[in-house]
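Worksheet for the structure shown next.
The values are calculated or read from the model by the stated rules, or taken from the named source; none is laboratory data. No experiment lies behind these values; they were computed from the predicted model shown. Here the Cβ positions follow ideal geometry from the backbone for every residue, glycine too, while neighbour counts run over all protein chains shown. These area figures cover heavy atoms from the full protein model, side chains too; ligands, DNA and RNA do not enter into them. Shrake-Rupley method; radii C 1.70, N 1.55, O 1.52, S 1.80 Å.
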Amino acid sequence: MVPTYSPGLPLLMAGFKAIGGEQAKYWVVPLLGALGVWLTYVLGARLAGEAAGVIAALALLVSPSFLFQLMWPMSDVPVMAWWLASIVLALGATRWHVAGAGLAAAMAILTRPNLVVLAIPIAMLIAIRQPDWRARLECVLLFGVAALPGPLGIAALNAHLYGSPLRTGYGTIATIYSWQYFGANVTRYPMWLIETQTPFVLLGLLAPKLI
């Protein structure tokens, strides 16, 4: 028998259990949910002021999808929190912020490997905030090195458990992301978004015009 799930969340839950006992492992998702709400505020405040941060955090806090996932020991809320942490840290001014952004990205990848491509726009965000090409190169490399344990750890685990770095507990990449699902996903996901979040979520499309 081998696990289906990615190791990031189970390892974190195991760590909490080792420190705080059986019930402590169920603190992980709510705590990361709280972190996600706070980071949403920080990100909104950084980009458009404190009022925007408060509105963004409140919008997340009342999101039906967020509140539903907050009750279950699943990776949706944790991976959101880790990617938010990576983005917020990427906006920092020091090399420590960049390294922290990479470590947060590594945790996000260990938690939900299929979202590894999100590291690319974060690396681009880090690059465009640097004053010259040398600083851009150094910071992007620092971010990449700090994030590297995530994909390397997943690749090693997949090879050990399933026989290939590109095969997961859910099957091969070609099977999971087959083009035959593209049409159905393009149709269903926007519909589900509006059904669960209400049409209010579409107001977010106006945000770039208001900043």
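General observations
- Tally of residues being among the charged types (D, E, K, R) and not in a helix (DSSP H, G or I) across segment 116-144: 2
- The residues on offer are A105, A147, and the sole one that is touching a Ser or Thr at 6+ places or on another chain (Cβ under 6 Å) and buried (at least 18 other Cβ atoms within 10 Å of the Cβ) is A105.
- Complete set of residues in segment 116-134 that are over 18 Å from the mean Cα position of the chain (by Cα), hydrophobic (A, V, I, L, M, F, W, C) and surrounded by 15 or more Cβ atoms within 10 Å (Cβ to Cβ): A127
- Qualifying positions in segment 13-28 - closer than 18 Å to M107 by Cβ, open to solvent by less than 50 Å² (accessible area, probe 1.4 Å) and of a type in the set (A, V, I, L, M, F, W, C): M13, V28
- Complete set of residues in segment 159-174 that are part of a helix (DSSP H, G or I) and exposed (fewer than 11 other Cβ atoms within 10 Å of the Cβ): H160, A174
- Pairs meeting the criteria (first residue in segment 174-199 and more than 17 Å from N114 (Cα to Cα), second residue part of a helix (DSSP H, G or I), beta carbons under 8 Å, at least 6 apart or on different chains) are L193/V201; I194/V201; I194/L202; T196/P64; T196/S65; Q197/P64; Q197/S65.
- Conditions (1) within 30 Å of L67 (Cα to Cα); (2) more than 20 Å from the chain's Cα centre (by Cα): number failed by G163: (1)
- Top-ranked residue in segment 158-191 [being hydrophobic (A, V, I, L, M, F, W, C) and out of contact with any helix residue (DSSP H, G or I) (no Cβ under 9 Å at 6 or more places or on another chain); ranked as nearest to A106 (Cα to Cα)]: A159
- Annotation note: Cβ proximity below 8 Å between a residue of segment 81-93 that is within 14 Å of A146 (Cβ to Cβ) and a residue that is open to solvent by 20 Å² or more (accessible area, probe 1.4 Å) and of a type in the set (K, R) (sequence gap 6+ or interchain) occurs for A90/R129.
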